[in-house]
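Shown next, in structure tokens, is the structure this report addresses.
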Number of protein chains: 2
Amino acid sequence: MEEDKILIAHGSGGRVMHGLIEDLIAPAFDITRLADAAVLEDFPSGRAAFTTDSYVVSPIFFPGGDIGELAVCGTVNDLAMMGAAPLYLSAGFILEEGLPLRDLKRIVFSMADAARKAGVRIMAGDTKVVERGKCDGLFINTAGVGALPAGLDLSPEQVRTGDRVIVSGPIGMHGMAIMAGRHGLSFDPPILSDTAPLNRLVADMLSATSGIRVMRDPTRGGLATTLKEIAEGAPCRILLKEEALPLVPGVRGGCELLGLDPLYVANEGILTAIVEASESERLVDCMRNHPLGQSAAVIGVVMPGEDGKVLLETRAGGTRMLEMLMGDQLPRIC
Amino acid sequence: MEEDKILIAHGSGGRVMHGLIEDLIAPAFDITRLADAAVLEDFPSGRAAFTTDSYVVSPIFFPGGDIGELAVCGTVNDLAMMGAAPLYLSAGFILEEGLPLRDLKRIVFSMADAARKAGVRIMAGDTKVVERGKCDGLFINTAGVGALPAGLDLSPEQVRTGDRVIVSGPIGMHGMAIMAGRHGLSFDPPILSDTAPLNRLVADMLSATSGIRVMRDPTRGGLATTLKEIAEGAPCRILLKEEALPLVPGVRGGCELLGLDPLYVANEGILTAIVEASESERLVDCMRNHPLGQSAAVIGVVMPGEDGKVLLETRAGGTRMLEMLMGDQLPRIC
């Protein structure tokens, strides 16, 4: 008996596509009314945040997560980094003919579960199908809308000399988990992706202090690229202390083995924030009370100078200049 | 000299990707501040509409349009069909390694142009790159947010016996243009895709009458599938008159040649509406004053009965029952 697979007709707009949507996708996301667009009643007035990301991660199932959970968390986190409360997500699927239906089901349920955990609703969706060989299993796009508090402006321009740089957890977990999944490497203990929704951690942080200047989740390009973006955007100069960077032994060892720098390896469940110096210890204490912030640490300081440089004070006592990621050491990490 | 092409590094999150975004995509869309999410200031309070669509049309350039224009208009139209005023769009690109940069440029400019015509702003974007052979040139996702007037509820449930069915223009143009592009067919005069933003036509219609029950843009699956969705959703019974259907000679001839039924061929620049009978002639007159509604016509009536059937009274005087599209005669039409 042939296993159930995605057919070209699942993207036709016709009866077969309606079946897929009515039997699987709409119930999983609790979408009760199918129309050209979702109606958001009582949308918070004033300010909103709006973002989108497409996900092409390979493999689609990896240690500690899958493309569905990633697609929800990634977009939730982009909203949270602006200080917005994520509310509504859309989900656009591009499916390859022949994709096992059970894979799609697993991913859809994973998205629904991640949305519940983050407290957001997936309100709108779309399904397209391309022929065998015209995409790689499936790609997912999520867009998201959130409510942005009045007066909140988290941006690199807010950064001041003397501010501290904070990271919420160990770096490089997601990228290393993907590498392990892709190349059949195994670690003991296993390295799992850190994929997680950061919005509740962010809500705690914003309640604890008004001293946060800017936040970012260091995904593609890793922590170094993200801090370089902030330093150039401010503009300011950032000094990081290598010995302060939270790093699990497996990521350290894996990076040494593979010749990678963990500062350039992607993360999907941590954030970096720049915060007023006098608030930094209190903020780190607050973050450590949250399950996703247990390893929060001050990792650097904003130095005098507006040259957009990011410097790393190494364990050996030297100083290294960090640039944005050049080339792409780990394609399709998200 | 090798032509400029998309590299894996264009999706890395690093320096090369920043170059692509800062040099091409952000300026084209007039995005001045790059962050994890866009800030929508002064979002109209109360009700919003939210939608998403991924576009995988093949070929990416076709007679009368391209995937970029389509991606903007399709999402604008989904918002407009709910009666919402489209405001903000996101754009997620999945690019294949080796895609000529000039193709991407042409498509990005086409999106910017379509957004200007529709009066919407592309506020958020994302770029991913997959290896050669892992997607088909490029795929685009657009999500959109619009403001929904208080009290407006356009939905199949509003349909009443005696209501009239209206279509805004000739059917089957987009699908036939794609077929021509894909298979090298030529028509004289050429058949061009009808891709267009319908939001201004819809605004005129909503100003003209409060008698509109439901609107839809009959894209994938064509007019028959769309009306079948409405009939099942209401539930109601719809009777169409074949002789009233606006159809250009090329589409009629092309469909005969290829064995296609124009009622199942996709459209990207027309809408169908169900409207209170007493308002239907006035509404059609109003629509004919708009460039996109010049061929507007009453094409059917809502009959007594709640069986979800759509019947076609043929030119020959017989009656044919219309189902949703089965299978997929024209894959990757949008």
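Taking all protein chains together and a probe of 1.4 Å, list A:C286, A:C255 from the most accessible to the least accessible.
Largest to smallest exposure gives the sequence A:C286, A:C255.
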Measure nothing but the geometry: give the 0 to 90° angle between the long axis through the Cα atoms of A:277-288 and the longest principal axis through the Cα atoms of chain A, rounded to 10°. 40
Specify which residue in the list A:C286, B:P331, A:G254 is farthest towards the positive end of the charge dipole of the protein assembly as shown, using unit charges on the beta carbon of Lys, Arg (+1) and Asp, Glu (-1), about the Cα centre. A:C286
Any idea what the relative contact order of segment B:217-334 is, in percent, if you count C-alpha pairs under 8 Å spaced at least 6 apart? 45
Using a Förster distance of 35 Å, how high is the FRET efficiency between B:E243 and B:D153, based on the Cβ-Cβ distance and rounded to 0.05? 0.60
Counting only protein heavy atoms, probe 1.4 Å: which residues of segment B:30-55 lose 40 Å² or more of accessible surface in the full assembly compared with their chain by itself? B:R33, B:D36, B:A37, B:V39, B:L40, B:F43, B:G46, B:R47, B:A48, B:F50, B:T52, B:S54
Measure nothing fancy, just the Cα-based angle from helix A:67-81's long axis to the longest principal axis of chain A, in degrees from 0 to 90, nearest 10. 40
Give the lysines whose C-alpha is closer than 28 Å to that of A:K241, dropping any in the same chain fewer than 8 places away, or say none. A:K228, A:K309
With the label 7 angstrom out along Cα to Cβ, how close does B:L257 come to the same site in each of the other copies, in nm, nearest first? 6.1
When each of A:K134/B:K117; A:K105/B:K128; A:K134/B:K128 is checked by Cα-Cα distance, pairs over 22 Å: A:K134/B:K117; A:K105/B:K128
Overall form of segment A:162-312 per C-alpha gyration tensor (a/c, 1.5; a/b vs b/c): oblate
Inter-part gap, Cα centre of segment A:209-246 to Cα centre of segment A:156-181, in whole angstrom, is 7
On a 0 to 90 degree scale, rounded to 10, what angle separates helix B:222-233 from the longest Cα axis of chain B? 70
Could you provide, to the nearest whole Å², the per residue accessible area of segment A:177-255 with probe 1.4 Å? 36
What are the ³J(HN,Hα) couplings of segment B:4-16, residue after residue, when phi is run through the Karplus curve with 6.51, -1.76, 1.60 and θ = phi - 60°? Round to Hz, x for glycine and proline. 5, 10, 5, 10, 3, 5, 5, x, 6, x, x, 4, 5
List the relative contact order of chain A as a percent without decimals, with contacts defined as Cα pairs under 8 Å and 6+ residues apart. 23
Amide H of A:T127: which non-local residues (sequence gap of 5 or more, or other chain) have their own amide H closer than 5 Å, using H built in the peptide plane? A:F93
Shielding of A:221-231 by other chains, given as the mean Cβ count within 10 Å, works out to 2
What is the average number of partner chain Cβ atoms found within 10 Å of a Cβ in A:81-91? 3
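How would you classify segment B:293-334 from its alpha-carbon gyration tensor, with a ≥ b ≥ c the square roots of the eigenvalues: rounded for a/c under 1.5, else prolate if a/b is greater than b/c, otherwise oblate? Please report the intermediate quantities before stating the final value.
Details: a/c = 1.76, a/b = 1.27, b/c = 1.38.
Taking the square roots of the gyration eigenvalues as a ≥ b ≥ c, segment B:293-334 is oblate.
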With every protein chain kept in place and a 1.4 Å probe, segment A:276-334 has an accessible area per residue in Å² of 50
Round to the nearest 0.05 the FRET efficiency obtained for B:S186 and B:D23 when R0 = 35 Å and r is the Cβ-Cβ distance. 0.40
Segment A:86-103 - phi-based ³J(HN,Hα) in whole Hz, Karplus 6.51/-1.76/1.60, Gly and Pro as x: x, 10, 10, 10, 10, 9, x, 9, 10, 10, 8, 3, x, 4, x, 4, 5, 5
Within chain A, percent of DSSP bridges classed antiparallel, to nearest 5: 75
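If the only charges are +1 at each Lys and Arg Cβ and -1 at each Asp and Glu Cβ, what is the size of the charge dipole of the protein assembly as shown around the Cα centre, to the nearest 20 debye?
The calculated dipole for the protein assembly as shown is roughly 100 debye.
Rounded to the nearest percent, how much of the accessible area of the protein assembly as shown (1.4 Å probe, protein heavy atoms only) is carbon and sulfur?
The nonpolar share, carbon plus sulfur, comes to 50 percent.
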Can you give the relative contact order of segment B:118-271 as a percent, counting alpha carbon pairs under 8 Å and 6+ residues apart? 38
Packing rank of A:294-303, A:123-132, A:70-79, where each peptide gets the mean count of other beta carbons within 10 Å, highest leading: A:70-79, A:123-132, A:294-303
CD proxy, 222 nm, chain A: helix-only mean residue ellipticity via -39,500 (n - 2.57) per DSSP H run with n ≥ 4, per residue, nearest 500, stands at -9000 deg cm²/dmol
For segment B:1-147, whose charge dipole is built from +1 on Lys and Arg Cβ atoms and -1 on Asp and Glu Cβ atoms, the candidate among B:A124, B:M82, B:S12 with its Cα farthest towards the positive end is B:M82
I'd like the Karplus ³J(HN,Hα) series for segment B:290-298: coefficients 6.51, -1.76, 1.60, θ = phi - 60°, whole numbers in Hz, and an x wherever there's a Gly or Pro. 9, x, 8, x, 4, 9, 4, 7, 7
Sorted from shortest, what are the nm distances separating the label point of B:R15 from equivalent points in the other copies, each placed 7 Å from Cα along Cα to C-beta? 5.8
Rule-of-thumb Rg ratio for segment B:100-157 [Cα; 2.2 N^0.38 Å; N residues]: 1.59
Mean other chain Cβ within 10 Å across A:4-12 is 4
State to the nearest 20 debye the size of the charge dipole of chain A about its Cα centre, where the only charges are +1 on K and R beta carbons and -1 on D and E beta carbons. 220
Based on the mean of other beta carbon atoms within 10 Å per residue, what is the order of B:163-176, A:216-229, A:5-18, most packed first? B:163-176, A:216-229, A:5-18
Would you mind classifying segment B:185-262 by shape? Square roots of the alpha carbon gyration tensor eigenvalues, ordered a ≥ b ≥ c; an a/c under 1.5 is rounded, otherwise it is prolate if a/b is larger than b/c and oblate if not. oblate
On complex formation of A with B, accessible surface lost, both sides summed, probe 1.4 Å, nearest 100 Å², amounts to 6200
How far is A:M303 from the same spot in each other copy, in nm, shortest first, if each label point sits 7 Å from Cα toward Cβ? 8.1
In chain A, taking the dipole from +1 charges on Lys and Arg beta carbons and -1 charges on Asp and Glu beta carbons about the Cα centre, the listed residue (A:T319, A:P63, A:G146) farthest towards the positive end is A:T319
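The values are calculated or read from the model by the stated rules, or taken from the named source; none is laboratory data. Not measured: the values here are computed from a predicted model. In this analysis, Cβ positions are derived from the backbone assuming ideal geometry, glycine residues included, and neighbour counts consider all displayed protein chains. These accessible areas exclude ligands, DNA and RNA; they are computed on the full protein's heavy atoms, side chains included. Shrake-Rupley method; radii C 1.70, N 1.55, O 1.52, S 1.80 Å.
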